[in-house]
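Some notes on the structure that comes next.
The values are calculated or read from the model by the stated rules, or taken from the named source; none is laboratory data. None of these values were measured; they are calculated from a predicted model. Every residue, glycine as well, gets a Cβ built from its backbone with ideal geometry; the counts of neighbours run over all protein chains shown. In case anyone asks, the SASA skips ligands and DNA or RNA and just uses the protein heavy atoms, side chains included. Shrake-Rupley method; radii C 1.70, N 1.55, O 1.52, S 1.80 Å.
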Amino acid sequence: MQTYTGVSISLVYPILKTIMNKGHDKEDFLKKAYMDESLLMDPEARLSEEDFERITEVAAVITKDETFGLHQGQNMEVSDLGILGFVMLHSKTIGQALAAYQKYNVVVCSGYNISWQLEGDDLIIEMSYNHPHRPPARHCVEDMGSSLYHLMIKLSCRAIVLKEVHFIHELSAEVDEYISVLGVTPQFGKESNRIRVSKDILDYPILFADSKLLGTFEVIAEETRLRLTQGRIFADQLYNWIMKGMPTAFPSLKDTAKAFKMSVRSIQARLKQENTTYQHILNRVRRELAVGLLAKPEYKVGEVAYLLHFSEPSAFQSAFKKWTGLTPRQYRMDLLNGELQGEA
């Protein structure tokens, strides 16, 4: 069974739209973003979160927009979210639309999601990120917060006032732009990414909702969600377990079998059912950590190699180039030159 993680290729389309509307060349952008144009022709294609974050950062550099994500969120349309957007559009209330967003967000992105809680008369919506070893990209988080806010306005056709906005990252652009887009001055360097609004918005009706269409779109969304996630449970358990132990421990298949109280053959059989292998999971962990460590100048490339339990730096260099198309040094130079992370 084929399963998928990461970000739907459909989320790249609004970025390309912005790039081209501002007079920039699509091919030049794709080249600088290290993106294969053929992926745009495959509606089933998925990108890793790291690749999508890099694409967003490159877009910010090319457009010279220090708040690119904020503006992308402001301009997002419900249709940009595909089947998830149509479920939200035909939900009865904003509360039900938010529940749909939480349930079906994996259809467009498996790395980011939302959760919420009531606090007195307020609703706090927290934007979560599923990678514990590195912070989310600034533009992506700001896009998410901005899009949630503006989609709620567009769905309900009512004014909504943000009472509070928190971001984990520090302020690195003109604060006036945030006030213009969000109507409030965000607080930066906080413990979570979240927005606070009145809990009354949960009951705001969605103006053009159609219950019959909702039923149809929910069936499609659920089928898509199951197709994307079914059978990944065991592989994800292994991935999370290995990730938590790194870089202190790098378990062999035999070590893992002992820890999970299973035979080696049983683990291999379970992973085969999920269309993956133990080596593939190890590579996912190593790549995730490599991207985070290479972003920190204090780590030499050789040190990163040994932290990731490669026998030699040359083995790490070969593996990293296979994963990303770049050597570790090329990747780091692009980071330093701003080609991958813009102003970060």
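Numerical summary
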item	result
Pairs with Cβ under 8 Å, 6+ apart, first in the range 171-188 and more than 14 Å from E66 (Cα to Cα) and without any contact (Cβ under 8 Å) to a residue 24 or more places away in the chain, second of a type in the set (K, R) and assigned to a loop (DSSP other than H, G, I, E, B)	V184/K163
So P251, is it out of contact with any Phe, Trp or Tyr (no Cβ under 6 Å at 6 or more places or on another chain), open to solvent by 70 Å² or more (accessible area, probe 1.4 Å), outside any helix (DSSP H, G or I) and farther than 30 Å from L84 by Cβ	no
Count of the range 19-50 residues which are open to solvent by 30 Å² or more (accessible area, probe 1.4 Å) and either within 19 Å of D80 (Cβ to Cβ) or among the aliphatic types (A, V, I, L, M) (or both)	10
F310 in a helix (DSSP H, G or I) and modelled with pLDDT of 90 or more	no
Test: Q102 is surrounded by fewer than 21 Cβ atoms within 10 Å (Cβ to Cβ), outside any helix (DSSP H, G or I) and not β-branched (V, I, T)	no
Condition broken by Q268, with the remaining ones in (1) closer than 20 Å to R46 by Cβ; (2) among the polar types (S, T, N, Q); (3) assigned to a helix (DSSP H, G or I) satisfied	(1)
Pair list, Cβ < 8 Å and 6+ apart or interchain, from the range 64-84 residues that are in a helix (DSSP H, G or I) to residues that are open to solvent by 30 Å² or more (accessible area, probe 1.4 Å) and aromatic (F, W, Y)	V78/F86; S79/F86; D80/Y13; I83/F217
Some residue of the range 281-293 being at pLDDT below 90, open to solvent by less than 50 Å² (accessible area, probe 1.4 Å), in contact with a Lys or Arg (Cβ under 8 Å, 6 or more places away or on another chain) and not in a helix (DSSP H, G or I)	no
Answer from L226, L207 - the residue that is in contact with a Cys (Cβ under 9 Å, 6 or more places away or on another chain) and open to solvent by 50 Å² or more (accessible area, probe 1.4 Å)	L207
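Yes/no matrix, rows are residues, columns are (1) in contact with an Asp or Glu (Cβ under 9 Å, 6 or more places away or on another chain); (2) at pLDDT 90 or above; (3) closer than 24 Å to P135 by Cβ:
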{"residue": "L11", "(1), (2), (3)": "yes, yes, yes"}
{"residue": "P14", "(1), (2), (3)": "yes, yes, yes"}
{"residue": "Q72", "(1), (2), (3)": "yes, yes, yes"}
{"residue": "S79", "(1), (2), (3)": "no, yes, no"}
{"residue": "L84", "(1), (2), (3)": "no, yes, no"}
{"residue": "M88", "(1), (2), (3)": "no, yes, no"}
{"residue": "G95", "(1), (2), (3)": "yes, yes, no"}
